[in-house]
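Below: the structure, in structure tokens.
Nothing in this text is a laboratory measurement; each read-out follows from the coordinates by a stated rule. Please read these numbers as outputs of a predicted model, since none were measured by experiment. With ideal geometry, Cβ positions are generated from the backbone for all residues, glycine too; neighbour counts draw on all protein chains shown.
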Amino acid sequence: MRPILSLLPIFALLAGCGREAAPPPADIRPVRAEQVTSTSANSLDRYAGEVRARYETALAFRVAGRISARQVDVGSQVKAGQVIATLDPQDYALAVRAAQAQLTAAKAEAQLAQQDLERFASLRAQNFISQAELDRRRTTAEAAQARVRQLGAEVARQGNQQAYTRLTAPHAGVMTAIAFEAGQVVAAGQPVGQLARTGELEVRIDVPENALDALRAAPTLTVRLWSQPDKPYSGRVRELSPMADAASRTYSARVSLLQPDAAVKLGMTATVETRQDAPLSLSVTQTALFKVNGRPQVWVVDRKTQKVAARSVQLGALSGGRAAIESGLSAGEWVVTAGVHKLAPGQQVRLTQP
């Protein structure tokens with residue numbers, strides 16, 4: 001019995017040597033992939049802006065003084081020539097009366113000089129005075145007349161100064177800003193309000209320098225109000241600043257609204273959209289790209305064998321997380337989009353849902 005038991009390990013070893021070793025399991029990598037299709041690389045840029053009037057006038061008094069009354073508020077509709085505010089006219093009324101008094105005195109002196117000239121002309125005719133004396137009297141009379149004309153112009157100027165104490169609207173419009181109150185002292189030319197002319201409306205936007213060409217070339221512009229984003233308005237670029245703002249380094253642009261309706265109000269926030277249509281082209285997500293020796297490549301999946309092969313591609317423009325493919329791929333092929341750095345040529349893969 002003992003000899004038989006001692007031979008059992010030997011029999012087991014011999015039986016194991018007669019069997020073949022099991023092959024290792026295949027290395028199948030799960031990856032994500034997408035099918036290459038032809039798409040249109042349309043670009044859509046958006047710029048936030050503010051609805052403003054095309055013509056905006058800063059209002060200011062032409063003379064200095066203390067404001068005695070304010071006739072309008074922000075948002076008031078005004079007509080051309082309507083009084084917006086008035087200054088205390090007392091000092092200017094006194095100046096007008098003083099100029100008128102000087103004009104009256106000058107007229108009296110001019111009349112007296114003219115009468116003297118007529119008398120001396122009669123005496124000269126009788127040869128009682130010299131010609132030089134008559135010429136002196138004529139010069140005095142002409143100087144008196146010139147003085148009258150000078151003071152007449154001064155009276156008119158002082159009258160204008162008094163009229164300037166009334167600030168009136170140069171045209172019909174809406175008051176968009178007021179920076180004064182009754183009792184405030186203002187200087188000549190100091191802006192005290194802003195008047196937006198009724199009529200043409202536009203949107204002011206700021207454009208970065210790398211988007212100027214696209215804005216100029218955009219065939220259509222779409223304007224949307226933040227209050228009504230589902231209602232588009234057509235627009236066109238009316239004005240583009242030739243110089244960038246020193247602080248923001250952007251270019252100011254004005255987009256005219258072609259057919260605004262009553263829903264468009266001054267001061268509303270709006271978005272200007274520029275769309276550029278491009279021809280159909282192939283593109284892949286940028287996560288599908290990797291580089292070998294500095295050249296961009298992708299893993300192409302053979303749908304029959306489920307194996308991958310590296311292929312060099314020539315890239316076009318990069319936009320929105322996708323890369324345009326100019327050459328190297330065909331529509332309908334599948335490329336790996338996730339896990340590209342864990343693959344090797346000929347690697348068998350298993351496509352997973354994203």
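List of remarks:
- Residues of type lysines that Lys265 reaches as a straight line, Cα spacing below 16 Å, ignoring anything fewer than 8 places off in the same chain: Lys231
- Note, ³J(HN,Hα) from phi for the range 123-136, Karplus 6.51, -1.76, 1.60, rounded to Hz, x at Gly and Pro: 5, 5, 5, 8, 6, 8, 10, 7, 5, 5, 5, 5, 5, 5
- Most mobile listed residue (Arg275, Arg249, Arg197) in the chain, GNM with C-alpha springs under 10 Å: Arg249
- Projecting the Cα positions of Leu151, Met175, Gln314 onto the charge dipole of the chain (unit charges on Cβ atoms of Lys, Arg, Asp and Glu, taken about the Cα centre) puts Gln314 furthest along the positive direction.
- For the range 340-348, 3J(HN,Hα) per residue [Karplus equation, 6.51 cos²θ - 1.76 cosθ + 1.60, θ = phi - 60°, Hz, x = Gly/Pro]: 5, 8, 10, 10, 9, x, x, 5, 7
- For the chain, a Gaussian network of Cα nodes joined below 10 Å ranks Leu112, Leu225, Leu240 by mean-square fluctuation, and the top entry is Leu112.
- Highest-MSF residue in the chain out of Thr37, Thr139, Thr176 [GNM, Cα springs under 10 Å]: Thr139
- Around the Cα centre of the range 90-163, unit charges on the Cβ atoms of Lys, Arg, Asp and Glu (plus for the first two, minus for the last two) sum to a dipole of about 60 debye.
- Legend: P(r) of the chain from all alpha carbon pair distances, 10 Å bins from 0, whole percents, reading 4, 13, 12, 12, 11, 10, 9, 7, 6, 4, 4, 3, 2, 1, 1, 1, 0, 0, 0.
- Spatially proximal lysines relative to Lys304 (Cα-Cα < 22 Å; intrachain offsets below 8 disregarded): Lys342
- Over all pairs of different C-alpha atoms, the range 50-124 has a mean inverse distance whose reciprocal, the Kirkwood radius, equals 17.6 Å.
- The Stokes-Einstein estimate for the range 90-163, based on a Kirkwood radius over Cα pairs and taken at 4 °C with 1.567 mPa s viscosity, is a diffusion coefficient of 95 µm²/s.
- Between the range 59-99 and the range 238-303, the alpha-carbon center distance in angstrom: 49
- Centroid-to-centroid separation of the range 188-226 and the range 109-150 [C-alpha atoms, Å]: 68
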